[in-house]
Amino acid sequence: MSGTFVGMPAFPKAAHDAVRNTTLRANLKHATHTIRDKRARAVAELDDWALLREAGKQIKDHTLHHLDHYLVQLEESVTAAGGTVHWAADADEANRIVTRLVKETGESEVVKVKSMATQEIGLNEALEEAGIAAYETDLAELIVQLGKDRPSHILVPAIHRNRGEIRAIFEKEMGSWGRPAPEGLTDTPAELAEAARLHLREKFLRAKVGISGANFMVAETGTLVVVESEGNGRMCLTLPETLISVVGIEKTVPTWRDLEVFLQTLPRSSTAERMNPYTSTWTGTTDSDGPRNFHLVLLDNGRTDTLADEVGRQALRCIRCSACLNVCPVYERAGGHAYGSVYPGPIGAILSPQLRGTASEIDASLPYASSLCGACYEVCPVAIDIPEVLVHLRERVVQGGEATRHGAKVTLKPAKGHAAERAAMRAARWAFTHPGVLGTGQRLASRTRRFHPRTVPGPGRAWTQTRDLPKVPAEPFRDWWQRTNGGKNGKDGDK
């Protein structure tokens, strides 16, 4: 990936500051609770939801296991339909390709469909350095761009903003980006949406180049699919003369029939709708409709490294529905910016450290940005076991070990700051494999329990800042079992 948000600290520090922002917490609580309640009702309408979830998992796993085959088929299908395919190993290469393609058109501005892949690689910033203005057209992305902000949610990037803040941003910034906000603008949703519509309309009608991502790519036909709710995507995909789509290689599905599953699960899990208001598909180019030139940039940027990890690869199943964010107690309180990535919440906590590696302080902290409550797994429409991957990545951070980086096997060093944890785990492993030592330690702990502190000193102090230290029982279980003959000696076990 192109790196973390500039200036972002590790998750514990960022979250520590975020939870003290009462406005942010109120905005997040209201929005996430509303979305997840609506999602629960939409999902409950389908008696076969569990079967759809399993089908989505199986389709994704099959595709990932045969991704080499389906990517070649996709390239052949796109090329046969009149498109051009480009392969980008990392963010820098993808940015160079897109910048070159835009410059070849002679244009100095582009309109964009909401795309997490282009945010991941920092495309807007790369285009700006080349003198090309990139205009976001999704309403929430427009708010983020005008506010010189960062997205904080996968589905609703401006979820951390309330209506009053949005009105102030529109009044202050719209004029410097194009058509200014109307006089006397209020914070009613209808007026804010109308101000955005008027502001964007001139850009849609003027732009010659559109840039998009894609929710899915169908290998058998070379068809790309974007689902959205505002219609801005349809405008960007049909009006410009040149369309450039930047898509992660994991978005491939084998056949049109596979879309049937995801076009049921994605809308219900994301916007709690039975189907998206706009489902746009395009296959290459045609003489009478849509762009005359179509370019597909297939983005790796750490995805094949992730694919090499037997536990972690399940993160590549993600269809970006954001359901895991809306049920996560950590995200609800800390917000998306604390994750230091365009991928916030539980999915970001397992995806970003795999795409970027765990060498940086913030990426090493992300696997710990979870209570492991499992709510994220329960709502995931493709059954990604996020808690399992979090524990797997925690082990990588603490212990180091083998991993794949840039296509090569490497041995990672343990992250700094975990020496005491490693020592404690080694000591525990030794004790648990020596029953006599374990029993002696348990009896000693029971007999000295009146002297036990309420908090752990030294390196363990951080753990007990937010937890009660468990009380040691008066007698070890094994001693009780032996003394009472497994509890068969009446009430003698009540010692």
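The values are calculated or read from the model by the stated rules, or taken from the named source; none is laboratory data. On a predicted model such as this, the values are computed, not experimentally measured, just so you know. A quick note on method: Cβ atoms are made from the backbone with ideal geometry, for glycine too, and the neighbour counts reach across all protein chains shown. For accessibility, only protein heavy atoms count, side chains too; no ligands or nucleic acids. Shrake-Rupley method; radii C 1.70, N 1.55, O 1.52, S 1.80 Å.
The table that follows gives values for the structure above.
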| item | result |
| --- | --- |
| Distance from the stretch 133-187 to the stretch 385-436 (C-alpha centre basis), Å | 43 |
| Per-selection Kirkwood Rh - the chain (Cα, Å, 1 d.p.) | 24.9 |
| Isolated Cys in the chain, by beta carbon distance under 4.7 Å | CYS236, CYS318, CYS321, CYS328, CYS373, CYS380 |
| Extension gain (nm, one decimal) between GLN399 and ARG292, 0.36 nm per residue minus Cα-Cα | 33.3 nm |
| Residue-averaged [θ]222 nm for the chain, counting only DSSP H segments that reach four residues, each worth -39500 (n - 2.57) | -14500 deg cm²/dmol |
| Per residue, in Å², the accessible surface of the chain once ligands and nucleic acids are set aside, probe 1.4 Å | 48 |
| Shape category assigned to the stretch 269-368 from the gyration tensor of Cα positions, a/c cut at 1.5 | oblate |
| Cross-link pairs LYS103/LYS203; LYS172/LYS208; LYS13/LYS409; LYS29/LYS203; LYS112/LYS251; LYS57/LYS409 - those with Cα-Cα distance over 29 Å | LYS13/LYS409; LYS29/LYS203 |
| With DNA, RNA and ligands ignored, accessible area of TRP430 (1.4 Å probe; Å², nearest 10) | 140 |
| Sites matching GluC sites (Glu not before Pro) across the stretch 137-198 that sit in DSSP coil, with at most 13 neighbouring C-beta atoms within 10 Å | GLU183 |
| Gained length - PHE451 relative to THR411, 0.36 nm times residue gap less alpha-carbon distance | 10.1 nm |
| The chain - charge dipole about Cα centre, Lys and Arg +1 at Cβ, Asp and Glu -1, debye rounded to 20 | 2880 |
| Gyration tensor (alpha-carbon) shape descriptor, the stretch 19-178, a/c threshold 1.5 | oblate |
| Within the accessible area of the chain (1.4 Å probe), percent carbon and sulfur | 53 |
